[in-house]
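Here's the structure, in structure tokens; my notes come after.
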Amino acid sequence: MTSLWKRTLSTSAAILLALSSAGVAFGQERDEYGDIIQTDIEQTVARVSHLQGSASYSRGDDPDNWQPADVNIPMTLGDRIYTGPRSRLELQVHGGDIVRLGSRTDLAALNLTDDTKQFAIKAGIASFRVRRLDENDLWEVDTPNAAVTFEQPGNYRIDVDQDGYTRVSVLSGAASVAAGGGQVALHTGDAMSIDGIESPRYSVFGLSSPDRWDRWVNVREGSMSRARSYQYVSAGVVGAEDLDEYGRWEEIPEYGHVWTPLTVEVGWAPYRVGHWVWQDPWGWTWISTEPWGWAPYHYGRWVTYSSRWYWVPVAPTVRTVAYAPALVAFVGGGPGFSASVTIGGGGVVGWFPLAPRDPLIPWWRREAVNVNVTNVTYVNRTYVTVVNQNTFVSGGLVTRNIVTDRTVVQQVAAAPVVRGAVPIVPTMASTRVSVRTQAAAPRPPAAVTSRAVVARVAPPPAPPRFEQKLAVIKQNGGAPVTQAAATRLTAAEQRQPRTITSVRPVAAESGRVTLAPASKPSAKPANVQPVAPAPVRGRPMATAQQPVASGPVTGRGRSVPPVGAEPRVAPQQPTAPEARPGREIAPERERVATPPISRVQPTPREERPGREVAPERERVATPPSWRERSRPT
């Protein structure tokens, strides 16, 4: 009996160990929708939300190929954007921060994660609206002769002239400017110029009067602050301001306030007006050509009601959301799929939008291949969109290539839903993010391209070229390349890690300061401190021996929310004591802990300690932040 009991205990322990190991290995912790909680991807994106004129886009895994940029293109680690003459472009960073670029501006994403934003500007002008900075967040902008760290939420402007010299303007907030081994603290109303590359000279003075660029930035900021849609959408969802112009909000049973587009063609369904591209570490990513097509395709879910499609948003009570490349379920037939549906000898691929209670098994997680989900009824399965695999892989516009054969569509709709990686390997054509046609994409001049930037924090390595990753993608059965795997590929290619642009440390030697005052005295006194050699909030400092980090760079101990966050399902009745007249109470599954407080506790504007208030003629009016917007009552 004792022997039998010991064997039973041993067997139970082995099973528990196997299950716990599987949980760690496969990362299959789930929320109540059955979605796998995202824990391994901290890399994120910035969306091209506005474009006037022309701009070009260069991917980090295809840096020599410049293609026309367009609205709704996702920019991520290693990608570059260059604006043409008389052009303006706006980027919305996941989480709500905004970058606005003027003409002939070269911008590269050296690092882009949930808690670390690091950009390089080699030429041009850029304005930054930082809406939120948690205690462990990092925001850095590197230029040819200075590294600027934003220390508080606020409005900032950086100009880089034709010689690579920098001017930093703090319209509101606080920043630290490092150059020549020294750093200077700036506050609201301060501006600083840094001249020279090897032996920089600085001058600190007050802000000048707003020019036409500042006024345009204010107009854009004002239009976003007045967006009505954020009454019903989480402030962390990017792009909801576009919904005001192109649709209307209605209230339907069970889901509360939902959004529907106003002008669509007969037979329209979500995820049909646009195309699919490949972007690591997420793999297949949807890019919509609809002007409003960002928020409804990367956050929330879709339902049909009274023969009309409605988008169910992430509720305003949710403070932090996660980006998803698309929120669909894939089905298909032919090569790679379990079904054998073909057209003309080739395979087909189909997808349908997920409803609020449908499980999402992310195809960008290789571990999810072994996941089995049974007894699931997908409510939108009858609205499957089907195209041939060549259209899907080549980035062809879906609207022009939808398969309408009823027999084929029914067979695809009945095929098993893909669990894990989509079994379709991308090609070089899958990396083309834009369908915009123009004569030629503008390219930065050689003098700008050859410039290096100085960095305070060592950025992570640039992604390997697409050709290198393709073999890994094939071997993994269509699973995308993780950032860790990409780092290993880069290391195998080169002895020294590289970034998308050359990087020099802001301090060539520890403790040595070459930053000196300009010949003309500063209008404001400045206290120059040596750049500390210690890591910046857990991130490694760039050094002469190692200007680029050997792996991913991000904060420590940061928890990541579930994939795509969670769409709202209105409760049957408000619960006391939080119920307020006319206001819905989000279910428990949508309510998250309050994020860490900012580095500076909010106080009335005129009473904030340590912040100078610029004279009225020098201040640029800042519209209220969308996060300060009053909620409907």
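Got a number for carbon plus sulfur as a percent of region 250-320's accessible area, 1.4 Å probe?
Whole-percent figure for carbon plus sulfur exposure: 51.
May I ask you to evaluate 6.51 cos²θ - 1.76 cosθ + 1.60, the Karplus curve with θ = phi - 60°, for each residue of region 459-472 and list the ³J(HN,Hα) values in order in whole Hz, giving x for glycine and proline?
3J(HN,Hα) across region 459-472, in whole Hz: x, x, x, 5, x, x, 5, 4, 4, 5, 6, 4, 5, 5.
Let me make sure I get this right: for region 83-124, a, b and c are the square roots of the gyration tensor eigenvalues over alpha carbons, sorted descending. Under 1.5 in a/c it's rounded, otherwise prolate if a/b > b/c, else oblate. Which is it? Please report the intermediate quantities before stating the final value.
On the way: a/c = 3.91, a/b = 1.70, b/c = 2.31.
Since a/c reaches 1.5 but b/c is at least a/b, the shape of region 83-124 is classed as oblate.
Suppose R0 equals 45 Å; then what is the FRET efficiency for SER209 and ARG537 from their Cβ-Cβ distance, rounded to the nearest 0.05?
On the way: r = 35 Å, r/R0 = 0.79.
That pair, SER209 with ARG537, gives E of 0.80.
Could you check the simple spin-label distance between ASP134 and SER522, using points 7 Å along Cα→Cβ, in nm with one decimal?
The two pseudo-label positions are separated by 3.3 nm.
If you take the square roots of the eigenvalues of the alpha-carbon gyration tensor of region 402-541 and sort them as a ≥ b ≥ c, do you get rounded (a/c under 1.5), prolate (a/b over b/c) or oblate?
Verdict is prolate for region 402-541.
At a 1.4 Å probe radius, carbon and sulfur cover how many percent of the accessible area of region 397-539?
Values: 4000 of 7400 Å².
Percent of accessible area from carbon and sulfur atoms in region 397-539: 54.
Is region 135-284 best put as rounded, prolate or oblate by its Cα gyration tensor, with a ≥ b ≥ c the root eigenvalues, rounded for a/c under 1.5, and otherwise prolate when a/b is larger than b/c, oblate when not?
Note, shape of region 135-284 comes out prolate.
Determine, from the Cβ-Cβ distance of THR399 and THR317 and an R0 of 41 Å, the FRET efficiency 1/(1 + (r/R0)^6), rounded to the nearest 0.05.
0.70
Taking the Cβ of VAL506 as the center, what net charge do the other residues with Cβ under 12 Å away carry, scoring Lys and Arg +1 and Asp and Glu -1?
With Lys, Arg at +1 and Asp, Glu at -1, the net is 0.
Sorted by accessible area (1.4 Å probe), largest first, how do GLU509, GLU241, GLU90 line up? Spell out each step's value before the answer.
Numbers: GLU509 105, GLU241 30, GLU90 0 Å².
The most accessible residue leads, giving GLU509, GLU241, GLU90.
Which value, in Å², gives the accessible area per residue of region 372-479 when a 1.4 Å probe is used on the protein heavy atoms?
On a per-residue basis, region 372-479 sits at 48 Å².
If you average the C-alpha positions of region 403-464 and of region 527-542 separately, how far apart do those two centres end up, in angstrom?
35 Å
Roll a 1.4 Å probe over the protein chains and send me the accessible area per residue for region 70-188 in Å².
Result: 19 Å² of accessible area for each residue.
The values are calculated or read from the model by the stated rules, or taken from the named source; none is laboratory data. Computed from a predicted model, the values in this text were never measured in an experiment. Using ideal geometry, Cβ is built from the backbone for each residue, glycine included, and neighbour counts are taken over all protein chains shown. For accessibility, only protein heavy atoms count, side chains too; no ligands or nucleic acids. Shrake-Rupley method; radii C 1.70, N 1.55, O 1.52, S 1.80 Å.
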